[in-house]
Amino acid sequence: MIAEHNVTHAGSDPGELEEFTYDDQIVRYFAYATIGWGLIAFLVGLLIALQLGLWQLNFGLPWLTFGRLRPLHTNAAIFAFAGNAIFMGVYHSSQRLLKTRMFSDVLSRMHFWGWQLIIVSAAIMLPLGITQSKEYAELEWPIDIAITVVWVIFAVNFFGTIWKRRERHIYVAIWFYIATIVTVAVLHIVNSIELPYSFLRSYPVYAGVQDGLVQWWYGHNAVAFFLTTPFLGLMYYYIPKAANRPVYSYRLSIVHFWALIFIYIWAGPHHLLNTAMPEWAQTLGMIFSLMLWAPSWGGMINGLLTLRGAWQRLRTEPIIKFLVGAVTFYGMSTFEGPLLSIKAVNSLSHYTDWTIGHVHGGTLGWNGLLTFGILYYLVPKLWNTELYSKKLANVHFWLGITGTGVYMISLWVAGITQGLMWRGLTAEGKLMYPDFMETVTRIIPLYWVRALGGTMFIIGFCIMVYNLYKTMQSGRISEPQKHKARRLVSVTTLNASELGSKHRLLEGLPMVFTVLSVIAILVGSVIEIIPALVVQEFVPNDKKIKPYTALELAGRDIYVREGCYTCHSQQIRPMVSETLRYGKPSTIAESQYDRPFQWGSKRTGPDLARVGGKYPDMWHYRHMINPREIVPQSIMPNYPWLATANTDLDVISRKLQVMQTLGVPYSNDEVKQAKADALRQAEKIAAGLRAEGGVNDAELEQRELVALIAYLQRLGKNGGVE
Amino acid sequence: MADNTPHDPHVRRMDEILNEPVLDHEYDGIEELDNPLPGWWLMTFYGAIAFAVVYFTVHSIIGDNRLAERDYQQQWAAIEAQQAEQLAAQKAGLDPEALAAEVVSMAAAGKPIYDSRCAACHGGAGEGLIGPNLTDDSWIHGDGTAVPVYEVIRDGVNANGMPPWGALLSEDELKQVTGYVLSLQGSNPPNAKAPQGNKVN
């Protein structure tokens, strides 16, 4: 089959012989970006890890607080570091696998610079608190549009390259790239449908449980189709190339590819187990996660067993070490994932740091090590030289896996400790650790250990940067090499026996392949998402529950801006220990007006779903300015600026109007008088605070803190009806 | 799908190290072996699918999707019964005079508890801050004797921002801090908050 397109195996049915070069400059660009953004993503991660042990490390600056930097860290790690790594590998391997230069050098550059621009704007906006608070989809609507545009540019460039190819069949790596490109587009667009109320701000069209389900369908599949499928594609290229061994099993590639993309898309609801989301959706999330185990391991098996016959190189070749390490961590994470999706296990692990440990096994171990392996492979090739030092690469490898191991193990212990302490009951049926702070202080030493693991990982990374820098210095960028291959002849001229199996046929028809991939990922999406948007169970519209008042809504937006959801959940699960600690389980109706939903995913602080009325206004006033004045060992940041900044009430009418458009039952009068209503409510709260004494602020009612208190005091109260 | 016979026209040659069939695919020098799916792997896959089908059928098609809810309600009913029992026992067991004497004798041990748990709201010397002044002879709840003070500390006044301490402090600690609060009576600290509630003396 390949013969007629490969000059070295001159074939029977020759197309015209053509000469071409590959665009490696764009690969170098993406390599620089991967390294640069990687460093930033990791350092921000380290900073916020340290902040959990020592909150003062935000230096009293709003834009350095945990709630604002955590989204910056996750976005930088996923979209800047991993994203650029993917593009680097895709642009390098696709040209070779398809035997053609990229479709358009201009599109390649637009893709590169567009993506970097998006990252820079994210790096500015997230610390400023311009966020939608939906995890890994925090960026606001103008950037959402930019992402869509750049993604389309990438897609056109990529599919154009396939169209121009000189290789009849597309290799498994290309299958994974195709699945990535189409699915990320679907996920991003569906999850980002929002209605702007100002130049940089918007509300999502989905509310409460719908928003939750759509968001985690997206969030989970960001892991699947941004951190898994493209990296599997890279694995399929770089492992056989580096080891110079054939892929273990073509048939396994086929089965695990289709199983993986079909099943992955269903698993999102496992992020919402034991919440108010209808149980059947939870069950789907759980069983599909369990079924996902084997397809994931199919990738691991195919990666590892490709090294049969070359295992001795594991000892001598750092690149192989990194690739094998990465695939091993992939295997571990994809075993742990299904485990954490079992409802009973999840009831212990959810909201704890176990989840964070799990994620980093995947990101540091799988995405990180694989990217490093590829960089060690690519840089010497692209700079026409040898790696500067294998020894340093080995040191990096050991620091990398030890750091990742320390990170994961410390958070396993922390997470399980938290989980057990939260649920522990005495014989009398009381909480064994009723004081939440006890469960926080217990794990702080483990936060330090985690930070140590991260530090090792970063030191290793810096060693790599040095090593690659020296390599680049010693090499040179030469004129692009010329390649020759035959043009593709039309399929119809091939005889049937050359076509092979049905799947083989499909591999020669990339557009049909793409359509089938889209269908595979749409089945699960449609079955899970459509009911969420239309079935009564998801859209309760409980008239007893009142929409937020204007001031509460303003306060809620401050809560979102500050990223309180990065430490606080708002979702009480139906578990006895949670009722004892937080109150009765949350219901779907209670969040029916929540745009965006704030159920959260982690409890570094206590759940806030029913914090309303738990404490007097004055408690919150002082607690927000300095939590330690009330709870001496608290690790929550100080928020003194909330007591001096004024709430922006000029847009409040507009906000209510947008909400009204989205179906929230505000009357036209309420929309029109929103500002006056808000001020009236603020005056009442301010008067109460003044009466307590100790607050000397002539403009108290204007302050953001007053709006935030209005919001906090409303949580669980549902507007007075309960 | 290609079958695994040596006559397969799509097998190009045998791998020189492993002696396994190599397919006639080649992409940038990458070749693929024609190995079958590993049996144990296929078994785990089928196993997971079978489990998923059975679980979903039993749980969500035959079942009513209320399993977690029912479990929770059962467990919570048991806890509530336990709570009611404890409450009854507490109510019956509080002897005003014995308690008064007991808390006075334990007052000293209550200071550290007060400092860490109560001072944030009632002030370091009980002068009142977020919560009321505890040193005057006006009381919002009860008459300032041991039983009502003990009870308000134990049960809290959720609606008005006084947390219940019954779950956080042991019975002895509750008594100690009650004793300490009562010992503050008439201490006239500086910056005292104005009296609230009913004057009892």
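The values are calculated or read from the model by the stated rules, or taken from the named source; none is laboratory data. Note that the structure is predicted; figures quoted are calculated from it, not measured. Here Cβ is always computed from backbone atoms with ideal geometry, including for glycine, and neighbour counts include all displayed protein chains. Note: accessible area is taken over every heavy atom of the protein model, side chains too, but ligands, DNA and RNA are not part of it. Shrake-Rupley method; radii C 1.70, N 1.55, O 1.52, S 1.80 Å.
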Any pair with Cβ under 9 angstrom, 6 or more apart, that starts in the range A:483-506 at a residue that is under 19 Å from residue B:9 (Cβ atoms) and of a type in the set (Asp, Glu) and ends at one that is modelled with pLDDT under 85 and not in a helix (DSSP H, G or I): A:498/A:1; A:498/A:13; A:498/B:9
Test: residue in the range B:136-145 that is open to solvent by less than 40 Å² (accessible area, probe 1.4 Å), within 28 Å of residue A:583 (Cβ to Cβ) and hydroxyl-bearing (Ser, Thr, Tyr): no
Number of positions in the range B:158-179 that are among the hydroxyl-bearing types (Ser, Thr, Tyr) and open to solvent by 30 Å² or more (accessible area, probe 1.4 Å): 1
Helices (runs of 4 or more DSSP H) wholly inside the range A:500-592 that include at least 3 residues being farther than 30 Å from residue A:434 by Cβ: A:502-507, A:510-534, A:550-562
Residue check, residue A:234 more than 19 Å from residue A:94 (Cα to Cα), of a type in the set (A, V, I, L, M), more than 11 Å from chain B (Cβ to nearest Cβ) and open to solvent by less than 10 Å² (accessible area, probe 1.4 Å): no
Test set (1) open to solvent by 10 Å² or more (accessible area, probe 1.4 Å); (2) at pLDDT below 95 - residue A:310 fails condition number: (1)
Those helices (runs of 4 or more DSSP H) lying entirely in the range A:642-722 with at least 2 residues within 14 Å of chain B (Cβ to nearest Cβ): A:674-692, A:704-714
Condition broken by residue B:112, with the remaining ones in (1) more than 10 Å from chain A (Cβ to nearest Cβ); (2) in a helix (DSSP H, G or I); (3) touching a residue at least 60 places away in the same chain (Cβ under 8 Å) satisfied: (3)
Residue among B:186, B:126 that alone is in contact (Cβ under 8 Å) with a residue 60 or more places away in the chain, away from chain A (no Cβ under 14 Å), on the phi > 0 side of the Ramachandran plot and assigned to a loop (DSSP other than H, G, I, E, B): B:126
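Listed here are the residues, each with its yes/no results for (1) in contact (Cβ under 8 Å) with a residue 12 or more places away in the chain; (2) open to solvent by 30 Å² or more (accessible area, probe 1.4 Å); (3) more than 14 Å from chain B (Cβ to nearest Cβ).
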site: A:30; (1), (2), (3): yes, no, yes
site: A:35; (1), (2), (3): yes, no, yes
site: A:58; (1), (2), (3): yes, no, yes
site: A:79; (1), (2), (3): yes, yes, yes
site: A:98; (1), (2), (3): yes, no, no
site: A:107; (1), (2), (3): yes, yes, yes
The lone exception for residue A:559 - which of (1) of a type outside the set (Gly, Ala, Ser); (2) closer than 21 Å to residue A:170 by Cβ; (3) open to solvent by less than 50 Å² (accessible area, probe 1.4 Å); (4) at pLDDT 95 or above it fails: (2)
Residue satisfying condition, being within 14 Å of another protein chain (Cβ to nearest Cβ), modelled with pLDDT of 95 or more and touching an Asp or Glu at 6+ places or on another chain (Cβ under 8 Å), within set A:204, A:240: A:240
The lone exception for residue A:615 - which of (1) assigned to a helix (DSSP H, G or I); (2) at pLDDT below 95; (3) buried (at least 18 other Cβ atoms within 10 Å of the Cβ) it fails: (1)
Leading residue by the ranking (farthest from residue A:486 (Cα to Cα)) among those in the range B:10-27 that are open to solvent by 50 Å² or more (accessible area, probe 1.4 Å) and more than 7 Å from chain A (Cβ to nearest Cβ): B:19
Extreme residue, least open to solvent (accessible area, probe 1.4 Å), among residues of the range A:618-645 that are under 32 Å from the mean Cα position of the chain (by Cα) and among the small types (Gly, Ala, Ser): A:634
Close pairs from the range B:28-43: first within 7 Å of chain A (Cβ to nearest Cβ) and under 24 Å from residue A:168 (Cα atoms), partner open to solvent by 50 Å² or more (accessible area, probe 1.4 Å) and part of a helix (DSSP H, G or I), Cβ under 7 Å, at least 6 apart: B:30/A:241
Single unsatisfied condition, residue A:381 versus (1) farther than 27 Å from residue B:38 by Cβ; (2) away from every other protein chain (no Cβ under 14 Å); (3) at pLDDT 95 or above: (2)
Cβ-Cβ under 7 Å pairs, at least 6 apart or on other chains, the range A:581-595 side without any contact (Cβ under 8 Å) to a residue 40 or more places away in the chain, far side small (Gly, Ala, Ser): A:582/A:609
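Let's see how each residue does on (1) over 20 Å from residue A:537 (Cβ atoms); (2) open to solvent by less than 60 Å² (accessible area, probe 1.4 Å); (3) within 11 Å of chain A (Cβ to nearest Cβ):
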| site | (1), (2), (3) |
| --- | --- |
| B:65 | no, yes, yes |
| B:73 | no, no, yes |
| B:91 | yes, no, no |
| B:96 | yes, no, no |
| B:100 | yes, yes, no |
Index of the failed condition, residue B:142 passing every other in (1) free of Cβ contacts under 8 Å to residues at least 40 places away in the same chain; (2) closer than 17 Å to residue A:628 by Cα; (3) more than 10 Å from chain A (Cβ to nearest Cβ): (2)
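So that you can scan it fast, the table gives a plain yes or no per residue for (1) under 30 Å from residue A:405 (Cβ atoms); (2) within 14 Å of chain B (Cβ to nearest Cβ):
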| position | (1), (2) |
| --- | --- |
| A:430 | no, yes |
| A:433 | yes, yes |
| A:446 | yes, no |
| A:455 | yes, no |
| A:479 | no, no |
| A:489 | no, no |
| A:502 | no, yes |
| A:520 | no, no |
| A:523 | no, no |
Test: residue in the range A:261-273 that is open to solvent by less than 10 Å² (accessible area, probe 1.4 Å), modelled with pLDDT of 95 or more, out of contact with any Gly (no Cβ under 8 Å at 6 or more places or on another chain) and over 30 Å from residue A:537 (Cβ atoms): no
Those residues of the range A:694-709 which are open to solvent by 10 Å² or more (accessible area, probe 1.4 Å) and either more than 34 Å from the chain's Cα centre (by Cα) or among the basic types (Lys, Arg) (or both), in sequence order: A:694, A:695, A:696, A:697, A:698, A:699, A:701, A:702, A:703
Count of residues meeting criterion [among the small types (Gly, Ala, Ser) and within 23 Å of residue A:440 (Cβ to Cβ)] in the range A:330-351: 2
Hey, residue A:628 within 12 Å of chain B (Cβ to nearest Cβ) and not in a loop (DSSP other than H, G, I, E, B) or not: yes
